[in-house]
Amino acid sequence: MTITPDIWKILSEAIASIPECPSWLKEQANLGLESVSRLPVVDSTSDGQHALPTVEQKAVAPDYLDFLREQIGLNPRGPEWLALLKNRLDALEPFVGKQLMVATFHSKPHSATLRIRPDTRQIIHVEVT
């Protein structure tokens, strides 16, 4: 999905509403759309460098939630990863079959994924790593 001025406004406002938002993410949200559109793709960046965000709209699929449940049961990466997966599952369960805007931001080695209801512009889930 192309980042239009309207989409960038939604994303910037969403980031501004995040309590305890990482400084690198705030910095990126404060860039104008023209500056953002000139950022390199994440594979072409080095540590500390902002990358072009990606945005897509997709429905929350029941099989994805099943996958999350399976991974939670397997607990392959320890307690931090387990907590992240549980939070993601809890946030997504009420939205099965509904469209969400999923935006991913990078500033190596960090990333943030926002899941936003396009109808209300409400953030339903944030993951920062």
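The values are calculated or read from the model by the stated rules, or taken from the named source; none is laboratory data. A quick note: this is a predicted structure, and the numbers were derived from the prediction, not measured. These area figures cover heavy atoms from the full protein model, side chains too; ligands, DNA and RNA do not enter into them. Shrake-Rupley method; radii C 1.70, N 1.55, O 1.52, S 1.80 Å.
Were the residues from Y64 through E127 laid out at 0.36 nm apart, the gain over their Cα-Cα distance would be 21.0 nm.
Under conditions of 37 °C and 0.692 mPa s, segment 39-83 yields 242 µm² s⁻¹ as its translational diffusion coefficient, taking Rh as the Kirkwood radius over Cα pairs in the Stokes-Einstein equation.
Calculated on the alpha-carbon coordinates, the convex hull of segment 5-80 measures out at 156 cubic angstrom per residue.
Full extension of the chain segment joining A16 with D43 gains 7.1 nm, where the gain is 0.36 nm per residue of separation less the Cα-Cα distance.
Result for the chain in a Gaussian network model with C-alpha springs under 10 Å: among A91, A112, A83, the largest mean-square fluctuation is at A83. Legend: residues M101, M1, sorted from most to least accessible area (1.4 Å probe; ligands, DNA and RNA excluded), read M1, M101. A 1.4 Å probe run over the protein chains yields, for segment 1-82, 64 Å² of accessible area per residue, whole-number rounding. Using alpha carbons only, the radius of gyration of the chain set against its Kirkwood radius gives Rg/Rh = 0.97. Relative to the longest principal axis of the Cα atoms of the chain, the long axis of helix 79-92 makes an angle of roughly 90 degrees.
Short-range pairs are left out: with C-alpha atoms under 8 Å and at least six residues apart, the relative contact order of segment 25-122 is 33 percent. Axis of helix 5-16 versus longest Cα principal axis of the chain: the two differ by about 70°, to the nearest ten degrees. Overall, the accessible surface of the chain at a probe of 1.4 angstrom is composed of carbon and sulfur to the extent of 51 percent.
Using the alpha-carbon centroid of each, what span in Å lies between segment 3-58 and segment 67-123? Cα centres, segment 3-58 to segment 67-123: 18 Å.
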